[in-house]
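Inspection log for the structure reproduced underneath, given as structure tokens.
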Amino acid sequence: MSHMLMSMHTVSRLYRKGAKSIPALQNLDLDIAEGEFLAIAGPSGSGKSTLLHLLGCLDRPTAGRYLLDGIDVAELSDSQRSRIRHQKIGFVFQSFHLLPQYSVLQNIEAPLLYDQAYCAQSRKRQGRDRAEKMAARVGLSKRVHHRPSEISGGEMQRTALARALVMNPCVILADEPTGNLDSTSGREIVSLLKELHQQGRTVVLITHDADVAACAGRIIHLRDGCIEREEQRVSPRAGLPKATDRSIIPQAKAGRDRAMPVAFALLDVAIKAVLLHKLRSFLSVLGIVFGIGAIIAMLAVGAGARQEILEQIELLGSNVLLVKALSPADKPLQRGREELSEGLSRADADRIAAVSPSITAIAPLRAVSLSVQYQHKLLQEEIIATSPDYYSSAGLELAEGRFLLPTDLQNARRVCVLGDELRQALFAFRNPIGEMLKIRSDWFRVVGTLKNKAVSEKQHLTTTLGNINRRIIIPLSTSSLLGHAVDSERIQEISMLTRRPDDVATVARLTRSILSRLHHGARDYDIIVPRELLKQSRQTQQIFNIVMSSIAGISLLVGGIGIMNIMLATVSERTREIGIRRAIGADRTMILAQFLLETLVLTTVGGLIGVILGLAGASLIGQLAGWRTLISWQSIPIAVGISVLVGIVFGLYPASQGAAMDPIRALRYE
């Protein structure tokens with residue numbers, strides 16, 4: 001006695017249409033033996049296709065039991081039913097249900113996509129060979145690179161049959177495979193089905209054609225969802241070879257072993273799907289491109305600004321503060337106060353030094369532009385008149401000789417110290433120590449030279465003295481002897497050095513209080529604290545970051561919504577494709593992964609384009625605005641990670657919609 005492969009007991013299948021329930025099958029009992037060739041006949045609407053979908057685990061009965069190889073299908077998970085369709089059951093549909101974007105060969109090998117054995121890189125060639133062998137078996141060797149739109153109906157049905165055979169199933173379910181074919185093509189398909197039956201496969205065939213049905217060993221006639229009558233033409237032959245020795249219920253593979261190769265195969269499918277509509281794909285990710293570009297540019301500008309301030313603080317020192325003289329204000333009240341003020345003077349420096357024990361060095365400075373001559377070389381240079389404390393407060397280092405001494409200041413000696421660049425300009429490779437320079441009309445002896453000091457491009461924001469490497473330093477008392485028409489007490493800057501960085505804020509408050517009193521409230525000075533510059537820079541940077549983050553966030557939100565909209569439309573457009581993939585073995589997780597990967601491909605590519613745009617934008621901002629930009633290479637993976645996150649967040653809903661589709665409705669979608 002033959003083994004009953006499929007058994008249905010009082011199976012009913014109802015479909016709801018509004019408040020009504022429409023029966024497709026009613027209390028149906030059916031047994032199908034292993035190796036049997038069964039034809040199901042009946043008029044349209046009799047429930048033939050519904051029965052076939054139940055047999056192929058594409059659907060589940062509303063009532064009754066369906067036992068597949070002794071196991072109740074209702075107790076199987078979606079993943080288990082999908083594995084059965086993938087490995088044990090091959091579908092052949094009247095409408096062919098080929099993927100139009102794929103070639104004949106790609107359609108045949110489509111089920112292999114969901115088999116980890118053939119998805120592995122080392123087995124891909126074997127999978128391709130297997131698909132080519134199936135194409136040759138159905139007579140399509142010369143048509144494998146054509147798309148479905150380029151071949152005849154008979155060739156399309158043979159392609160569908162080859163696809164059904166590629167996983168070597170033990171059951172073939174054919175839904176009116178000759179219905180859309182001419183008589184010659186129909187006979188070829190029936191001949192192939194008979195050959196498959198002779199090899200030991202169980203074949204279930206739906207047909208309206210009595211001649212086609214006559215090829216089967218048993219025919220059942222359906223009407224109104226019930227078996228009207230049955231014809232037993234030939235008993236199932238126990239001697240037929242078995243199509244497979246394995247149980248029809250396949251065992252689940254190890255999670256990681258199954259998931260990884262299939263995931264890479266699905267990624268390949270996703271990339272091809274994105275490339276199929278290049279312009280639409282590009283337009284859909286523009287929001288991501290601009291959002292990521294804004295993030296990269298924002299981080300580059302912010303990092304550049306921070307680095308610039310830190311460099312200025314490093315140059316000036318964290319325990320240094322400066323007092324700069326300001327130009328007269330235009331406001332009448334302020335002009336009146338400045339008439340009472342004598343401006344920034346040496347007396348101010350002396351007063352500050354006297355009342356603040358936290359100051360270890362204080363140097364008043366005056367800058368004068370005068371002619372400098374050595375032998376035949378005549379230059380116009382800035383002369384800094386100051387005190388010996390300037391060496392400490394400015395963080396200078398000697399290259400040769402000495403710096404100014406207190407006795408130089410007391411005796412108004414005509415001595416000078418040269419910056420490194422000016423030394424090279426005047427003396428080149430000669431030793432300048434002891435040489436005489438003519439400054440305006442007076443002769444000065446060179447007593448020392450300074451080491452080259454790094455200077456920030458924007459140091460003029462914090463000091464009036466500019467590039468110290470291009471300056472000549474003389475005693476402050478000596479500058480009054482040069483005959484320059486400037487009040488000998490007036491100075492342009494006071495440089496102070498505190499004992500500790502923590503003392504800077506206290507000294508700044510004390511200095512502000514002293515100068516406010518001495519200058520009668522006139523604001524003809526400015527106190528610069530490098531630490532406060534950093535704080536102000538951070539505040540400005542925070543505002544900039546908020547603005548840029550808002551722009552980036554809005555762009556990413558709009559881009560994400562745009563991608564979600566595109567993917568929802570894509571899922572709707574490809575509803576039939578989803579049904580086909582479910583029929584050949586894809587479970588809900590695989591459909592979810594496929595569409596989610598498509599979204600991730602879009603957003604990742606958009607993120608990479610955005611990174612390039614951001615790098616170019618940062619460079620352009622630096623050139624046009626004169627800002628320093630600093631590319632943080634760590635920001636690139638962060639930006640790409642954000643684009644991936646956007647893909648997951650906005651792609652999950654469309655992907656889940658596709659995964660949740662009913663396979664039968666998806667296949668019937670027009």
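General remarks:
- In the set (1) farther than 19 Å from D420 by Cα; (2) in contact (Cβ under 8 Å) with a residue 60 or more places away in the chain, the condition left unmet by D350 is number (2).
- Applying the criterion of being among the acidic types (D, E) and under 15 Å from L450 (Cα atoms) to the residues of segment 390-416, the residue that is modelled with the lowest pLDDT is E397.
- When V289, V301 are checked against the criterion of being assigned by TED's automatic domain parsing to the domain that holds L630, modelled with pLDDT of 90 or more, among the aliphatic types (A, V, I, L, M) and buried (at least 23 other Cβ atoms within 10 Å of the Cβ), a single residue qualifies: V289.
- Within segment 489-514, the set of residues being in contact with a Leu (Cβ under 8 Å, 6 or more places away or on another chain) and surrounded by fewer than 16 Cβ atoms within 10 Å (Cβ to Cβ) comprises R490 only.
- Matching option when the condition is free of Cβ contacts under 8 Å to residues at least 60 places away in the same chain, part of a helix (DSSP H, G or I), closer than 22 Å to G291 by Cα and aliphatic (A, V, I, L, M), among I561, I551, I543, I566: I543
The rows are residues; the columns are (1) touching a strand residue (DSSP E or B) at 6+ places or on another chain (Cβ under 8 Å); (2) more than 27 Å from V212 (Cβ to Cβ).
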{"site": "G90", "(1), (2)": "yes, no"}
{"site": "R123", "(1), (2)": "no, yes"}
{"site": "P148", "(1), (2)": "no, no"}
{"site": "P169", "(1), (2)": "yes, no"}
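- Conditions (1) more than 31 Å from the chain's Cα centre (by Cα); (2) closer than 27 Å to A110 by Cα; (3) in a helix (DSSP H, G or I); number of the one not met by G585: (3)
- Any chance L68 is more than 40 Å from the chain's Cα centre (by Cα), in contact (Cβ under 8 Å) with a residue 60 or more places away in the chain and either assigned by TED's automatic domain parsing to the domain that holds I591 or within 27 Å of A117 (Cα to Cα) (or both): yes
- Any hit, segment 153-173, residues being over 49 Å from the mean Cα position of the chain (by Cα) and closer than 25 Å to S46 by Cβ: no
- Qualifying residue in segment 43-59 (condition: surrounded by 15 or more Cβ atoms within 10 Å (Cβ to Cβ), over 46 Å from the mean Cα position of the chain (by Cα) and more than 28 Å from A586 (Cβ to Cβ)): yes
- Top-ranked residue in segment 9-29 [being of a type in the set (A, V, I, L, M, F, W, C) and crowded, with 21+ Cβ neighbours inside 10 Å; ranked as farthest from the chain's Cα centre (by Cα)]: L28
- Residues located in segment 375-405, provided they are surrounded by 14 or more Cβ atoms within 10 Å (Cβ to Cβ) and among the acidic types (D, E): E381, E382, D389, E400
- Pair list, Cβ < 8 Å and 6+ apart or interchain, from segment 511-528 residues that are farther than 22 Å from P357 by Cβ to residues that are surrounded by 14 or more Cβ atoms within 10 Å (Cβ to Cβ) and of a type in the set (F, W, Y): H519/Y525
- For segment 135-189, taking the residues that are assigned to a loop (DSSP other than H, G, I, E, B), touching a Ser or Thr at 6+ places or on another chain (Cβ under 9 Å) and small (G, A, S), the one that is nearest to G35 (Cα to Cα) is identified as G179.
Each row is one residue, and each column tells you yes or no for (1) farther than 28 Å from G42 by Cα; (2) at pLDDT 80 or above; (3) not assigned by TED's automatic domain parsing to the domain that holds S183.
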{"position": "V204", "(1), (2), (3)": "no, yes, no"}
{"position": "C215", "(1), (2), (3)": "no, yes, no"}
{"position": "R233", "(1), (2), (3)": "no, no, no"}
{"position": "P250", "(1), (2), (3)": "yes, no, no"}
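- Within segment 24-60, tally of residues that are assigned to a strand (DSSP E or B), charged (D, E, K, R) and either more than 14 Å from V203 (Cα to Cα) or in contact with an Asp or Glu (Cβ under 6 Å, 6 or more places away or on another chain) (or both): 1
- Output for segment 115-137, where each listed residue is of a type outside the set (D, E, K, R) and either at pLDDT below 90 or surrounded by fewer than 18 Cβ atoms within 10 Å (Cβ to Cβ) (or both): Q116, A117, Y118, C119, A120, Q121, S122, Q126, G127, A136
The values are calculated or read from the model by the stated rules, or taken from the named source; none is laboratory data. Bear in mind the structure is a predicted one, so any value in this text is a computation, not a measurement. Glycine gets a Cβ as well: all are built from the backbone with ideal geometry, and neighbour counts include every protein chain shown.
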